[in-house]
Amino acid sequence: MRYDLVIFDNDGVLVDSEPISNRILADYLTELGHPTSYEESIRDYMGGAVHLIHDVVWERSGQRLPEGFNDAFHTRVFEAFRRELQPVSGVAEVLGKLEAEGVPYCLASSGSHERIRVALHTTGLYERFGEERVFSSQDVGRGKPAPDLFLHAAKVMGVAPERCAVVEDSPLGVRAATAAGMDVYGFTAMTPAAKLGDANALFSEMAQLPELLF
């Protein structure tokens, strides 16, 4: 099937941000009295919007995170991004292939617009998307695993959900894409394949993606 739109997640799919942000999140939560390992952060929060962190901490401890948590966390992450962040290996070539084949693509992320912009500018990918092809959970009422974000992106791009392919690396993202009625391709570079088992197909290196899409 030739798709009319390919929707990319950002963190872990376009930019190699998950190791950075989850390291910082684990350290910050531990600092605040909620001991969290890097592995636990990946397991519990990867692919989710920031409100998920608040929800999980509340459910487990009955305590609220500080009022300034979001700003402080994002400040730490953005500083680290500017020092360390790199694009996912091979992603520029995949975007170039889509462009050569005339297949539109966009980005739909649980992250804030500010986080997305910092990541794309730092890695040199911003020019491939611009503002008009970037969608954030801030744009809809519910983030992943709800389908709202992917449905919103497809609507704005003028493509029916069943003509879309989603590239995701988190269980939450796979669930959201499936709920939206879209085909989804699971990137297993950081996530065990078994956790992305509901995807239409799995791949471990970005260079393998074009073979799945065309």
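Can you pull the one-decimal nm distance between simple spin-label points at Gln63 and Glu84, each 7 Å off the Cα toward Cβ?
2.5 nm
Relative to the longest principal axis of the chain, what angle (0 to 90°, nearest 10) does the C-alpha long axis of helix 91-101 take?
Long axis of 91-101 versus the principal axis of the chain: about 30 degrees.
Going by a ≥ b ≥ c, the root eigenvalues of the Cα gyration tensor, does the range 167-214 fall in the rounded group (a/c under 1.5), the prolate group (a/b larger than b/c) or the oblate group? If you can, show how the numbers build up before the last one.
Numbers: a/c = 2.23, a/b = 1.20, b/c = 1.86.
Oblate is the answer for the range 167-214, as a/c is 1.5 or above yet b/c matches or exceeds a/b.
Using a Förster radius of 30 Å, what is the FRET efficiency between Arg76 and Glu131 based on their Cβ-Cβ separation? Nearest 0.05, please.
0.75
For the range 190-204, what does the Karplus curve 6.51 cos²θ - 1.76 cosθ + 1.60, with θ = phi - 60°, yield as ³J(HN,Hα) per residue in whole Hz, taken in order and with x for Gly and Pro?
For the range 190-204, the Karplus curve yields 10, 10, x, 4, 4, 7, 10, x, 7, 5, 5, 7, 10, 8, 10 Hz.
Roughly how far apart, in whole Å, are the Cα centres of the range 1-77 and the range 101-142?
18 Å
Starting from the Cα of Asp55, move 7 Å in the Cα-to-Cβ direction to define the label point; list residues of the range 1-31 whose amide nitrogen is under 11 Å from there.
Flagged as within label range: none.
Can you run phi through the Karplus equation (6.51, -1.76, 1.60; θ = phi - 60°) for the range 68-79 and list ³J(HN,Hα) in whole Hz, with x for Gly and Pro?
The phi angles translate into x, 4, 4, 5, 5, 4, 5, 4, 5, 5, 5, 4 Hz.
Counting only C-alpha contacts under 8 Å and six or more residues apart, can you give the relative contact order of the chain as a whole percent?
Dividing the mean separation by the residue count of the chain yields 25 percent.
List Ile116, Ile42, Ile7 from most exposed to least, where exposure is judged by having the fewest other Cβ atoms within 10 Å.
Ascending Cβ contact count within 10 Å gives the list Ile42, Ile116, Ile7.
Tell me which of Gly124, Ser109, Thr188 sits at the most positive position along the dipole axis of the chain, charges placed on C-beta atoms (Lys, Arg +1; Asp, Glu -1).
Ser109
Where nothing but the Cβ of Lys and Arg (+1) and of Asp and Glu (-1) is charged, how large is the charge dipole of the range 9-78 around its Cα centre, in debye to the nearest 20? List each step's numbers first, then the result.
Numbers: 5 positive and 13 negative charges, 34 e Å.
Its charge dipole is roughly 160 debye.
Would you calculate the separation in nanometres between label points at Lys195 and Gln138, each defined as 7 Å from the Cα along the Cα-to-beta-carbon direction?
2.6 nm
Under 5 Å between amide hydrogens, which residues at least 5 positions from Val166 or on another chain qualify, with H placed 1.01 Å from N in the peptide plane?
The answer is Ile7, Asp183, Val184, Tyr185.
Dividing the convex hull volume of the alpha carbon atoms of the range 18-84 by its residue count, what do you get in Å³ per residue?
78 Å³
How big is the range 74-214 along each principal axis, measuring the range of its Cα positions in Å and listing the largest first?
Ordered largest first, the range 74-214 gives principal extents of 37, 34, 32 Å.
What full-extension length gain, to one decimal in nm, is calculated for Ala160 and Glu40 as 0.36 nm per residue of separation minus the Cα-Cα distance?
My answer for the length gained is 39.6 nm.
Bear in mind these aren't lab numbers, they're just calculated from the coordinates by the rules spelled out. The model shown is predicted, which means the values in this text are computed figures rather than measured ones. Backbone-built Cβ (ideal geometry, glycine too); neighbour counts: all protein chains shown.
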